[in-house]
Amino acid sequence: MFINESNIRKLIRLIEESDIDSIEVSGWGRKVKITQRVDAASNGHGSAPVVMAPQATVSPQAARSPEIASALAPSETTTGDTGRYVEVTSPMVGTFYTAPSPEASPYVSPNEKVVTGQVLCIVEAMKLMNEIESDASGRVVEIRGENGKPVEYGQVLFVIDPEGEITNCERDFHESETDAG
Amino acid sequence: MPQQPPSDKLPDDLLLVLRKRPEKSYTTFGLARKLSRPPEDIIQALLRLEEWGYKIHTTRKGEISFRSAPDLLTATEMTYGLKTKLIGRRFFAFGKVTSTNEMAAQLAEAGVYDGTVVTAEEQTHGRGRLGRSWYSPPGAGIYVSIILRPKFRAELAPGISIMTALALSETLNEYMLGKVQVKWPNDVLIEGKKVAGILTELSADGPTINQLIVGVGINVNHRAGDFPADIRDHATSIRRASGRNEQRVLLLQRFLARFEKEYSKYEKDGLARSRTRLKAYSSLLGHDVTLVSGTDTITGHAVDIDREGRLVLRTKEGKASIASGEVTVSSAKPRASD
């Protein structure tokens, strides 16, 4: 089996839907092991509290969009604890694109759950396409970039809440690699 | 599957012997002794070579000599006579693929080496920027992707697009002196029509580059009628401009050699030492242009390309350095870049 990101995601989905607690696959000189265990702590909580971004951090453009505004509607429960949020920044100056092509649907929407390494957007500069991946697994709290607009080096594009993933199992995700050569 | 002999490398070894001295004739037995294989194997290997399109001359006395190689982008042909140290030293030649960039991305994920080159004879989903397609019929063009694992930071990666356009322009300029231009940032044009497209894709972990995949599509031996009607007016091929067929293998080898030279300069000094040449090839400098970047539109006079490879426009509000966007010359009829 060819071990790439999409296959790993398929494996994760497969394991989530099953009672298997560990799976190990190798191919092309790489090996990946995915284990799943039920997390007692999060079970005890029932549904985990939803923590939203403080309203102040929402850019005016984002607030105008009805889709984003409605996604942020339940933000009355704001705790103000944003220290755990992971910010995904632009590694270069360029143009921000939320989708791979103008006709395609966006890579992610506000409130959507993402996993580490998942593509969130494209930053293009001088026709170099840079697929920006998520630095964390969690929930997209905020999309700060605006489709088709310029972004600066280091500008925050996404805010991810790593604890925002409301699931009752916690994934251990190990990837052990050996050089293919 | 790579078009390489799976396990038996005898045809390759045989080719090397025959090619080294094409003027010399060999006997089957002589070759068998030289390669320490039974004569039957040599005959089988010669037949294989002929199947692949190699022309082997046999005299009535049964003496064998090398005549010519097929113009196929196989690993054997591409690495024979390739004058590079890094780029293309590992080579994957495919027949038909969705897109070479896609194959390259998978190979890169699997951990192939820096400088690995992927080619295909045909792409079913040749890609351009933002979901656009690149017309890629079999045999006529060069569809190639180069996998790079540079040590510089991700923010310096965009200049590679421009550097690639320069390496390609200099290569094509050898075929048709003075007719090659680059429409910033990286459309390579012959007489105002697009002859090659470049799509560079970066995978980075913050500032650290995992890999940079430089995909290039070059229209080489297409005839006018080979292009679909919708792109015929603004696409061209080397053949259309020069009137004769060119050897794709040789062209790609020359390009890879240029690319390697420019890339090693880029690693040291960025575009600093390429700016003069970049500006000389530019089709935009000195013209009034309209730039569409995402959802923004700017008009101005193109005055410079800076050290970062950005296009500098003189606008009503002052100078603006542009990092991305689609440019059209205002006076000319605007048209899509691909």
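Being surrounded by 20 or more Cβ atoms within 10 Å (Cβ to Cβ) and hydrophobic (A, V, I, L, M, F, W, C) is the filter here; which residues of the range B:258-301 pass it? Those that are surrounded by 20 or more Cβ atoms within 10 Å (Cβ to Cβ) and hydrophobic (A, V, I, L, M, F, W, C): B:Phe259, B:Leu271, B:Leu278, B:Leu284, B:Val289, B:Leu291.
Conditions tested, residue by residue: (1) among the polar types (S, T, N, Q); (2) assigned to a loop (DSSP other than H, G, I, E, B); (3) more than 24 Å from B:Pro185 (Cα to Cα).
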position: B:Gly225; (1), (2), (3): no, no, yes
position: B:Ala241; (1), (2), (3): no, no, no
position: B:Arg254; (1), (2), (3): no, no, no
position: B:Arg258; (1), (2), (3): no, no, no
position: B:Ser264; (1), (2), (3): yes, no, no
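If you go through the range B:162-174 and keep only what is among the hydroxyl-bearing types (Ser, Thr, Tyr) and either surrounded by fewer than 19 Cβ atoms within 10 Å (Cβ to Cβ) or without any contact (Cβ under 8 Å) to a residue 60 or more places away in the chain (or both), you end up with nothing. In the range B:104-128, the qualifying residues are those that are among the β-branched types (Val, Ile, Thr) and not in a strand (DSSP E or B), and the one that is farthest from B:Ala140 (Cα to Cα) is B:Val112. Against the numbered list (1) part of a helix (DSSP H, G or I); (2) touching a Lys or Arg at 6+ places or on another chain (Cβ under 9 Å); (3) of a type in the set (A, V, I, L, M, F, W, C), B:Ala32 comes up short only at (2). Counting only residues that are under 27 Å from the mean Cα position of the chain (by Cα) and in contact (Cβ under 8 Å) with a residue 12 or more places away in the chain, the range B:36-75 holds 14 of them. When residues in the range A:105-129 are screened for being aliphatic (A, V, I, L, M), in a loop (DSSP other than H, G, I, E, B) and closer than 15 Å to B:Gly294 by Cα, 1 of them pass. Apart from one condition, B:Phe259 fits all of (1) farther than 30 Å from B:Ser68 by Cβ; (2) in contact with a helix residue (DSSP H, G or I) (Cβ under 6 Å, 6 or more places away or on another chain); the exception is (1). Out of B:Leu202, B:Leu189, B:Leu130, B:Leu166, one residue alone is within 22 Å of A:Pro91 (Cα to Cα) and modelled with pLDDT of 90 or more. It is B:Leu202.
The values are calculated or read from the model by the stated rules, or taken from the named source; none is laboratory data. What you see is a predicted model; the values in this text were computed from it and never measured. So basically every Cβ, Gly included, is an ideal-geometry build from the backbone, and we count neighbours across all protein chains shown.
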